[in-house]
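The next block holds one structure in the form of structure tokens; read it before the comments.
The values are calculated or read from the model by the stated rules, or taken from the named source; none is laboratory data. Remember, it's a predicted structure, so these values are computed and weren't measured experimentally. Every residue, glycine among them, receives a Cβ derived from its backbone with ideal geometry; neighbour counts consider all protein chains shown. Just so you know, the surface numbers come from the protein's heavy atoms only, side chains and all, with ligands and any DNA or RNA stripped out. Shrake-Rupley method; radii C 1.70, N 1.55, O 1.52, S 1.80 Å.
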Amino acid sequence: MKYKACIFDLDGVIVDTAVYHYKAWKRLANEMGFDFTEHQNEQLKGVSRMASLELILGWGQVTGATEAEKEEMATRKNLWYTDMINQMTPDEILSGAREFVQACRDAGIKTAIGSASKNTPIILAKLQLTQLFDAIVDGNSVSKAKPNPEVFLKGAEALGVSPADCVVFEDAVAGIEAALNAGMKAVGIGTPKMLTEADVVVSGLDKFTLEMLEEL
Ligand code: BG6
Ligand code: MG
């Protein structure tokens, strides 16, 4: 095989958690007396928890919150979010995701998760996917957010492969940038209009094959 490893973003690639993030953030905003749209929520994809909060507070023109207050808000949102995440079942795995990761493994290609989410372990457990990955790098082990390449470089390191031998699967613009900044190929999950920098874009992993991987 041309590539030795595939590194997958979690939210938006393996499972659609954006709807749960939106519900929980919206509840927080509503408690503070404002609202934001699903369209605005698109801008939160791939963005870390605290950076998301900053964007939302900006939309609500909430100023002057202390760091401690912001921490409390993020914790409150995360409790609502994890309440929903805890109800998830393997039925929610996005179409073709499990099959493609398994196909990589069967072909001798290593697999890793590279996600900004601190909830990665619980989500993978609920989806019964933990065993499918040789390495898991998430928001608990990185300090620099995408588009910084740290999460993917750590993934390559954990797998013992060089960045040039890795392909990243990402649904967020910042994630595609992070992959390219790491010196890796980037497969966009979404639309070519949004993910203009990706090497190739498909609507989901059900539309991607090992043959397409070889052609990158
Ligand atoms: C990313 C999501 O994967 O993880 C973002 O796309 C989210 O929407 C970020 O804010 C952090 O997630 P968590 O679970 O640590 O709050
Ligand atoms: Mg994502």
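A few remarks follow.
- Global geometry of the chain, whether rounded, prolate or oblate, following the gyration tensor of its Cα atoms and the 1.5 cut on a/c: prolate
- Subtracting the Cα-Cα distance of Leu210 and Asp83 from their residue separation scaled by 0.36 nm leaves 42.1 nm.
- For the residue pairs Lys70/Lys118; Lys126/Lys207; Lys23/Lys144; Lys45/Lys77; Lys126/Lys193, the alpha carbons lie more than 22 Å apart in Lys126/Lys207; Lys23/Lys144; Lys126/Lys193.
- Here the simple spin-label model places points 7 Å from the Cα toward Cβ, and for Ser95 and Ala65 these points are separated by 3.7 nm.
- Alpha-carbon centroids, region 77-143 and region 1-67: separation in whole Å: 18
- Hypothetical label at Ser162: residues of region 1-42 whose amide nitrogen lies under 17 Å (7 Å Cα-Cβ projection): 1-6
- Placing pseudo-labels 7 Å out from each Cα toward the beta carbon at Lys118 and Glu38 gives an inter-label distance of 2.9 nm.
- The chain: most fluctuating residue of Lys126, Lys193, Lys185 per GNM, C-alpha cutoff 10 Å: Lys193
- Largest mean-square fluctuation among Met88, Met50, Met184, in a Gaussian network model of the chain whose springs join Cα atoms under 10 Å apart, belongs to Met50.
- Share of carbon and sulfur in the accessible heavy-atom surface of region 61-184 [1.4 Å probe, %]: 50
- Cα gyration tensor category, rounded, prolate or oblate, for region 85-146 with a/c compared to 1.5: oblate
- Under 5 Å, built H, 5+ apart or other chain: amide partners of Val167: Ala5, Cys6, Ile7
- DSSP H segments from the chain that extend 18 Å or more along their own axis, Cα-based, with Kyte-Doolittle mean of -1.0 or above: 18-31
- Computed label-point distance, nm, for sites Thr130 and Met1 using a 7 Å Cα→Cβ extension: 2.4
- From phi via Karplus (6.51, -1.76, 1.60), per-residue ³J(HN,Hα) for region 202-211 in Hz, x at Gly/Pro: 10, 6, x, 5, 5, 10, 10, 10, 5, 5
- Residue-normalised accessible area of the chain, expressed per residue, 1.4 Å probe, Å²: 47
- Rel. contact order, % - alpha carbon contacts under 8 angstrom, at least six apart, the chain: 26
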